[in-house]
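Everything on this sheet refers to the single structure shown next.
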Amino acid sequence: MTPSEGVGRGMESVLEMLESLLALGGMVLLRDTVEWEGRSLLKALIKKSALYGEQVHVLGCEVSEEEFREGFDSNINSRLVYHDLFRDPLNWSKTGEALPGGPLEALRALCRRTDPGPVTVALDSLSWLLLHLPCTTLCQALHALSRQDPCPGLHPEYVMLPSMHYISCPSPGKQVRVLGLLHEELHGPGPVRALSSLAQAEVTLSGALGQASAHILYRRPRQHPTHQTQRFSILPDFSLDLQGGPLLEPQPQPDPHTPPVDPTNHLTFNLRLSKKEREAKDSLTLPFQFSSEKQQALLRPGPGQATSHIFYEPDAYDDLDQEDPDDDLDI
């Protein structure tokens with residue numbers, strides 16, 4: 001394989017991973033931890049969607065708009081529509097910059113989008129939304145957003161916004177892709193499973209020895225779920241650099257500051273015998289040991305002990321054979 005062929009195959013793997021996550025549509029759930037953050041992968045997917053020519057709506061809750069746009073070039077930033085819930089989520093300043101109605105109305109506004117063509121909606125993050133919305137309400141909004149169902153309780157063609165203007169609700173045929181970032185360690189198993197059931201693709205971030213890895217679960221229609229694990233790193237321009245080879249398993253290293261643990265401590269019995277205890281143990285005659293002294297004591301009754309005899313009187317109907325039945329054995 002030439003170097004150019006190797007680079008080409010590596011680029012194909014990168015495209016295959018990103019395109020496979022974006023090709024399913026619906027919802028892509030990114031589950032990260034404190035050790036392995038997922039916002040960089042979220043921005044890599046946003047960049048890929050923008051390069052496809054799609055309009056990208058970002059519901060920013062945890063970082064400012066300037067920080068989120070940092071690292072994107074002007075072409076990518078021109079396709080980002082940032083809905084800011086970070087600066088003033090509850091509209092306390094009354095400046096008019098905050099989204100009216102809070103996070104729930106922001107999600108409903110994204111559901112009522114009228115942009116032509118496919119659209120990507122990035123939620124940064126679902127954990128922030130779960131802290132401000134009930135889990136059932138958030139799941140219903142995400143289902144309506146990813147499936148583009150008609151807005152519940154309203155006519156499917158027209159919706160009234162808070163400003164009393166009517167706009168058309170999107171038709172169910174429009175393609176909407178939802179990218180949701182979830183900080184898994186902040187929530188119990190119930191909300192995590194509920195959000196996972198809505199996702200067509202689920203990425204769980206982990207790693208070992210400083211190398212990040214992504215475990216991807218695909219749920220394709222009318223197919224069995226498939227799994228894929230890939231090691232990767234994210235470049236400063238939010239491009240992926242996939243790493244080949246087997247996954248590295250961390251080797252447990254003993255802590256030099258932690259003393260070794262003695263398993264015999266705090267026991268209710270003693271595992272070791274002293275010299276005197278060992279001599280007493282060796283001199284003790286156990287009940288099941290049939291020594292010569294014990295045999296003589298049993299055969300020779302001591303003074304004062306009554307002797308016993310066995311008397312046998314055959315019954316009249318006993319079948320007694322006077323001949324030796326073993327005569328033919330020549331014993």
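Per-residue 3J(HN,Hα) values for segment 272-277, derived from phi via the Karplus relation 6.51 cos²θ - 1.76 cosθ + 1.60 with θ = phi - 60°, read 10, 10, 6, 5, 5, 5 Hz in sequence order (x marks Gly and Pro).
Taking amide H as placed 1.01 Å from N in the peptide plane, the amide H of G26 sits under 5 Å from that of V176, V178, each at least 5 places away or on another chain. Using 0.36 nm per residue and subtracting the Cα-Cα separation, the extra length available between R219 and L235 on full extension is 2.9 nm. A full extension of the chain between D88 and T264 corresponds to an added length of 57.4 nm, given 0.36 nm per residue minus the alpha carbon distance. When each of the peptides 190-196, 61-67, 224-230 is scored by the mean number of other C-beta atoms lying within 10 Å of its residues, the order from highest to lowest reads 190-196, 61-67, 224-230.
Applied to segment 261-270, the Karplus parametrisation 6.51 cos²θ - 1.76 cosθ + 1.60 on θ = phi - 60° returns per-residue 3J(HN,Hα) values of 8, 8, x, 8, 6, 6, 8, 8, 9, 9 Hz, with x for Gly and Pro. Accessible surface ranking for I234, I76, I310, 1.4 angstrom probe, highest first: I310, I234, I76. Between A208 and N75, what is the spin-label point distance in nm, taking each point 7 Å from the Cα along the Cα→C-beta axis? For the pair A208/N75, the computed spacing is 3.9 nm.
Using only the heavy atoms of the protein chains and a 1.4 Å probe, how would K294, K47, K275, K281 rank by accessible area, largest first?
Details: K294 70, K47 35, K275 155, K281 125 Å².
Result, largest first: K275, K281, K294, K47.
Put a dot 7 Å past the Cα of T136, heading toward its Cβ, do the same for D328, and the two dots end up 9.2 nm apart. The string of couplings for segment 64-69 from the Karplus curve (6.51, -1.76, 1.60, θ = phi - 60°) is 6, 5, 5, 5, 6, 6 Hz, one whole number per residue in order, with x for Gly and Pro.
The values are calculated or read from the model by the stated rules, or taken from the named source; none is laboratory data. Every value quoted in this text rests on a predicted model; they were computed, and no experiment measured them. When we count neighbours, we look across all protein chains shown, and the Cβ atoms used for this are built from the backbone with ideal geometry, even at glycine. Areas reflect the complete protein model, heavy atoms only, side chains present, ligands, DNA and RNA absent. Shrake-Rupley method; radii C 1.70, N 1.55, O 1.52, S 1.80 Å.
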